[in-house]
Structures are given as C-alpha cells and as structure tokens.
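**Student:** What follows is a structure written as structure tokens; I'll ask about it next.
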Amino acid sequence: MATHFIVSQQLEDGSIPALDDPIPWTADAVVAMVSVRRAPKAIARALDYLEASSDEIDSVGEIAKVVLAEVAGGRNPRDFVGRDLVAELVATQGSDGRYGVDTSVFSHAIAMLALEAADEEESLDASAGWLVSAQCGNGGWQVIGPPVPGEDEHCSLGYPDIDEADADTTSLAIQALRGLPHPVAPAIDPFTFLDTLIDPNNGGWSYDRSDSFHSNFTSSYANANTTGMVLQAYAAANLTPPPGSIAALAKLQRKLCGPNAGSFFYTWADANGDGTFERSGQNNLASTIAAIGGLLMAELPQVPLDVTRGAPRPRPC
C-alpha cells in the first residue's frame, strides 16, 4: 500500500516531489517502486520526467540518483537524452578518489552505488579508498567530509554540531563498500556506531545524537527514513538486524485503508513527557519512499525487475 500513496502524490509532469527538489526524490521513488514490483506506469512517467529535466541534473548527487533510477527502471544511463551519465560521474573524480570537488560523503557514496549499478568499475578502487579514509573514530560517517583536525571521535567539534557521524550517511557508506566487486571492510565496524542510535522505547534508529532526549545520549527517537536506510545496510552486509527492528518500522505505517493508506509517519513524539509515544509527521512522502527498501531488506543498488502489477488500491476503513 505504500506504493499506492506514492502514486497518489505523483504530479502531472511525472515528478514525485517529496521535498524541495523533485529530481532526487523522483529518482528515489522509482527505485522504491521497482523494489516492490508495483506501478509500472508511474515508474515510466517518473523516468520520463527525469529525462525531460536533463538540463537541471548537474550535481554529483543528482546524477548518481538518476543513474540508480535508470538502471532500476531498465533504461540506459549511458544514453540519457544524449548524455552518458556514467562517464560524467567518472570524469568528476579527483586524484584523491573523491567524486566532484568538495562533494559530500553522502553524495560520494551514492555515486559509488550508481557506478556499481552500471557495472562501471574503472574508478571504484580509488573511490573506496577515499570513503574508508573518511570514516569517523566511532565507526560512523558524517555528511560533509572526512574528519578534520579538532574533531572528536564523533567527527564533532563539540556537541551540538550541525555535522557529525550520522546513521543515514553511515548506511550509504556500508552499502557502497559492500557493493563493490570485491567488498571492502572499513577500519572500524560501523554497526557498533549504529547500535548507539537504536531507540530503546520504539525500536528502529535515530539520525544522530541530536535526536536524543536524554543528555547522556543513551535514548533517541527513531524515524522511518533512517530506520529504512539502516535496514538496507544490514541487508547489504548479510547481517540479521536486531529483533523487532523491521516491526518497529512497520509500526510507523498508517492503516492500509482510506485515502492515505500505506503512508508512513516520520517519527515518534512524547509530547507530554510522560513516556507515552505517538506517531508524528503524518502522511510523509519522503518517509514512505525511504521506508520501502528497509521493509523489503532491499539494499542498493536496486537491480532491474519485471514490474507488471499496478499499485494496490486501498479498501474502505
């Protein structure tokens, strides 16, 4: 039913604008719908939108996400409206192995996944070396870049820090390193870091320590986006996730009936501070897109699949 909600939010031009920039979220939605093998017409319209938006796709992250969508959707990213998106990604690589100038760790990992999806191995050894060197001392990765002088083991310059090791970037890094033709192990086990962000009350994972509601950072609010991505990392590493973690993600989904059937809430909230948690951020399109891969334990990159069934229709409540 999550696919039903995604399709219901698709615009006339084929875009699926979960947040401000419709291009990366439309690409993510394609991957999600392919993974669940639903909504072939919506997938085709979304891919057509991405191709019609070719002139606007210029950053490393956007190009990489579109490559992932094109491959998953059975199209050719090397023949994208007269562009070879795969060659464009490879051409951005610097002498240190990083894709693009000052590209975030997050986007670099996505670029690696995109090239893995396209079976383009030429630059992956160097890119993997850069990603391994960007790991924080606690086993996680931060969004912006490798640790810099003055940062602690969390890649933090002092809490609170707008950028320190987080579960989303860490999950992508795990998948990028595991998806290599010859998987690379980082110096520190990243799952030890992810363990520190488990929500003991609701299950699942929070984004980083800033989501903590205790000053000692021992308890955090889980969210659907992060939990979905962490479950994908477990799948990529061929590891069994902690007991109840998939169920914790499923609990953030709305009933499978009514107009918003299958959509996901973003997170939990203890509004009264009494230990009673309620779901928060209802009908969140971004969370719905992100949750699907986690529920299916479908790691990136998503291989093309035969998609023939339409999106399910909700029943009356």
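**Student:** Kindly evaluate GLU116 against the criterion of being more than 18 Å from LEU194 (Cα to Cα), surrounded by fewer than 19 Cβ atoms within 10 Å (Cβ to Cβ) and touching a residue at least 60 places away in the same chain (Cβ under 8 Å).
**Tutor:** no
**Student:** OK, next. Which residue pairs have Cβ atoms under 6 Å apart, sit 6 or more places apart or on different chains, and have a first residue in region 76-87 that is under 20 Å from ALA44 (Cβ atoms) and a second that is in a loop (DSSP other than H, G, I, E, B)?
**Tutor:** PRO77/ALA118; ARG78/ASP84
**Student:** Quick one: count up the residues across region 259-280 that are surrounded by fewer than 14 Cβ atoms within 10 Å (Cβ to Cβ) and more than 12 Å from ASN202 (Cβ to Cβ).
**Tutor:** Within region 259-280, residues that are surrounded by fewer than 14 Cβ atoms within 10 Å (Cβ to Cβ) and more than 12 Å from ASN202 (Cβ to Cβ) number 5.
**Student:** When you go through ARG178, ARG209 one by one, which is the residue that is surrounded by fewer than 21 Cβ atoms within 10 Å (Cβ to Cβ), touching a helix residue (DSSP H, G or I) at 6+ places or on another chain (Cβ under 7 Å) and either modelled with pLDDT under 90 or under 16 Å from GLY140 (Cα atoms) (or both)?
**Tutor:** ARG178
**Student:** If we keep just the residues of region 281-316 that are farther than 12 Å from VAL31 by Cα and either surrounded by fewer than 10 Cβ atoms within 10 Å (Cβ to Cβ) or among the charged types (D, E, K, R) (or both), which is farthest from the chain's Cα centre (by Cα)?
**Tutor:** PRO316
**Student:** Please pick out the residue among LEU295, LEU300 that is modelled with pLDDT of 85 or more, out of contact with any Ser or Thr (no Cβ under 7 Å at 6 or more places or on another chain) and not in a helix (DSSP H, G or I).
**Tutor:** Result of the check over LEU295, LEU300: LEU300.
Every residue, every condition in (1) aliphatic (A, V, I, L, M); (2) open to solvent by 40 Å² or more (accessible area, probe 1.4 Å), yes or no:
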| position | (1), (2) |
| --- | --- |
| VAL30 | yes, no |
| TYR49 | no, no |
| LYS65 | no, no |
| ARG83 | no, yes |
| GLY94 | no, no |
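**Student:** Which residue, of THR226, THR240, is among the hydroxyl-bearing types (Ser, Thr, Tyr), on the phi < 0 side of the Ramachandran plot and open to solvent by 50 Å² or more (accessible area, probe 1.4 Å)?
**Tutor:** Working: THR226 fails: open to solvent by 50 Å² or more (accessible area, probe 1.4 Å).
It is THR240.
**Student:** All but one of (1) within 20 Å of the chain's Cα centre (by Cα); (2) within 26 Å of ILE57 (Cα to Cα); (3) assigned to a loop (DSSP other than H, G, I, E, B) hold for CYS136; which doesn't?
**Tutor:** (2)
**Student:** Inspect region 147-166 for any residue being open to solvent by less than 60 Å² (accessible area, probe 1.4 Å), touching a Cys at 6+ places or on another chain (Cβ under 8 Å) and at positive phi and give the result as yes or no.
**Tutor:** yes
**Student:** Consider ASP13 carefully, then state whether it is among the charged types (D, E, K, R), more than 24 Å from PHE265 (Cα to Cα) and open to solvent by 20 Å² or more (accessible area, probe 1.4 Å).
**Tutor:** It is true that ASP13 is among the charged types (D, E, K, R), more than 24 Å from PHE265 (Cα to Cα) and open to solvent by 20 Å² or more (accessible area, probe 1.4 Å).
The values are calculated or read from the model by the stated rules, or taken from the named source; none is laboratory data. This one's a predicted model, so the numbers in the text were calculated from it and none came from an experiment. As a convention, Cβ positions derive from the backbone with ideal geometry for all residues, glycine included, and neighbour counts pool all protein chains shown. For the accessible areas, the whole protein counts, side chains as well, though only heavy atoms, and no ligand, DNA or RNA atoms are used. Shrake-Rupley method; radii C 1.70, N 1.55, O 1.52, S 1.80 Å.
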